[in-house]
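S.K.: Quick one: the structure is below, questions incoming.
Values in this text are rule-based calculations from the coordinates and carry no lab data. These figures come from a predicted structure and were not determined experimentally. Backbone-built Cβ (ideal geometry, glycine too); neighbour counts: all protein chains shown.
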Amino acid sequence: MTDHDAREPELRDWSRQLTQALQILDLQVDRNLLLDLAEESSVVSPSAGPISTFVVGYAAGLAAATGEKNATAAVESAAAVARQVLAEPTATGWADTAQ
């Protein structure tokens, strides 16, 4: 059992409470994706995890707001770019795609 699994009920409840408070009622939070990304980002700095997940969420929100992607696809796409930058620090992500 991973730490993610042990804390799943707490995180599920927290995610639900926060999305309701922010009135994002149709969002299904992929907690494992975000927790894994935060953990992977910590190789940059211990503080890189929260920053990475915030930026991914912001980028996903922009993409979803324009109707370009649904919320789930937008989060997955933004997280994939973050992982690409982690794997290849010189990667430009979406910079060359006019997004």
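S.K.: Restricting the search to segment 53-89, which residues are among the charged types (D, E, K, R) and either surrounded by 15 or more Cβ atoms within 10 Å (Cβ to Cβ) or not in a loop (DSSP other than H, G, I, E, B) (or both)?
M.R.: Listed by number, the residues that qualify are 69, 76, 83.
S.K.: So which residues in segment 13-45 are in contact (Cβ under 8 Å) with a residue 40 or more places away in the chain, charged (D, E, K, R) and surrounded by fewer than 15 Cβ atoms within 10 Å (Cβ to Cβ), if there are any at all?
M.R.: Result: 26, single match.
S.K.: If you scan segment 16-39, which residues turn out to be within 14 Å of residue 54 (Cα to Cα) and assigned to a helix (DSSP H, G or I)?
M.R.: Result: 31, 33, 34, 35, 36, 37, 38, 39.
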